[in-house]
1. Quick check on the chain: take the gyration tensor over C-alpha atoms, sort the square-rooted eigenvalues as a ≥ b ≥ c, and tell me if it's rounded (a/c under 1.5), prolate or oblate.
2. Past the 25 Å Cα-Cα mark, which pairs from Lys33/Lys71; Lys19/Lys157; Lys33/Lys115; Lys20/Lys89; Lys89/Lys168; Lys33/Lys157?
3. So what's the back-of-envelope 222 nm ellipticity for the chain, counting only DSSP H runs of four-plus at -39500 (n - 2.57) apiece and dividing by all residues, rounded to 500?
4. What order do you get for 5-17, 170-182 when each peptide is scored by the mean count of other beta carbon atoms within 10 Å, highest first?
5. Scan around Leu186 for amide H atoms under 5 Å from its own, H built in the peptide plane at 1.01 Å from N, and keep only partners 5 or more places away or cross-chain.
6. Kindly list the residues of the stretch 164-186 that lie in the label zone of Leu3, defined by a backbone N under 18 Å from the point 7 Å along the Cα-to-C-beta vector.
7. Whenever you get a sec, compute what percent of the accessible area on the stretch 12-172 sits on carbon and sulfur atoms (1.4 Å probe).
8. Over the chain, give the accessible area per residue in Å² for a 1.4 Å probe, as an integer.
Amino acid sequence: MALLPITLIGDKILRRKAKKVSDVDVETVELIKNMFQTMRNANGIGLAANQVGADKSIITCDLSVVEDYKKLKPMVFINPEIIYRSEEKIIMEEGCLSIPDIRCEIERPRQVVLKYMDTEMKENELEATDLLARVIQHEFDHLSGILFTDLIDQIEKKKLKKPLSLIKNRQLDVDYPVTVDSDYRL
Ligand code: ZN
């Protein structure tokens with residue numbers, strides 16, 4: 001296993017739509033293991049493969065560090081698709097390992113249903129609510145090249161201009177490994 005550098009806002013791969021996985025080969029198994037290690041090391045609860053520079057449609061998620069989700073097992077979603085979004089929406093504060101030290105309140109559907117492949121490439125469905133639904137939507141957006149800072153209003157965006165440019169230029173301290181330039185590719 002290895003800790004992988006996390007891509008930061010400004011890195012091109014974060015803006016690309018991730019490629020579908022056709023089979024879970026040795027390399028993919030290794031990538032998933034590394035994603036879990038990298039995510040936990042950075043105290044994250046969700047990670048998309050393009051956040052470690054891999055152009056693959058994979059999400060890892062582990063909410064067991066959160067009080068109400070202690071019993072929830074770590075999860076891997078391959079080629080995920082959100083097939084239902086509830087009309088009911090809620091506002092929650094979000095952060096992102098690719099946008100260190102910035103948090104924003106984001107409104108999203110409270111509940112979603114996710115269709116995905118497991119590591120045996122078997123198709124599954126998962127109904128998720130509240131925090132789990134939130135993490136799934138945030139990570140699913142990553143695989144489509146969308147970051148949570150795209151979802152805030154113009155006034156908020158203006159306020160973030162300076163802090164985001166500091167991140168893009170690596171003028172901040174991050175306590176986990178990050179990419180050194182915007183062309184990082186696994
Ligand atoms: Zn994120």
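1. oblate
2. Where the Cα-Cα span goes over 25 Å, the pairs concerned are Lys19/Lys157; Lys20/Lys89; Lys89/Lys168; Lys33/Lys157.
3. When only DSSP H runs of four or more count, the value is -8000 deg cm²/dmol.
4. 5-17, 170-182
5. Amide H neighbours of Leu186: Ala54, Asp55.
6. 172-181
7. Using a 1.4 Å probe with all protein chains present, the stretch 12-172 comes out at 48 percent carbon and sulfur.
8. Ligands and nucleic acids excluded, the result is 54 Å² per residue.
The values are calculated or read from the model by the stated rules, or taken from the named source; none is laboratory data. If you're wondering where the values come from, they're calculated on a predicted model, not measured in any experiment. FYI the Cβ positions are ideal-geometry reconstructions off the backbone, even for glycines, and counts take in every protein chain you see. What goes into the accessible areas is simple: the full protein's heavy atoms, side chains included, and nothing from ligands, DNA or RNA. Shrake-Rupley method; radii C 1.70, N 1.55, O 1.52, S 1.80 Å.
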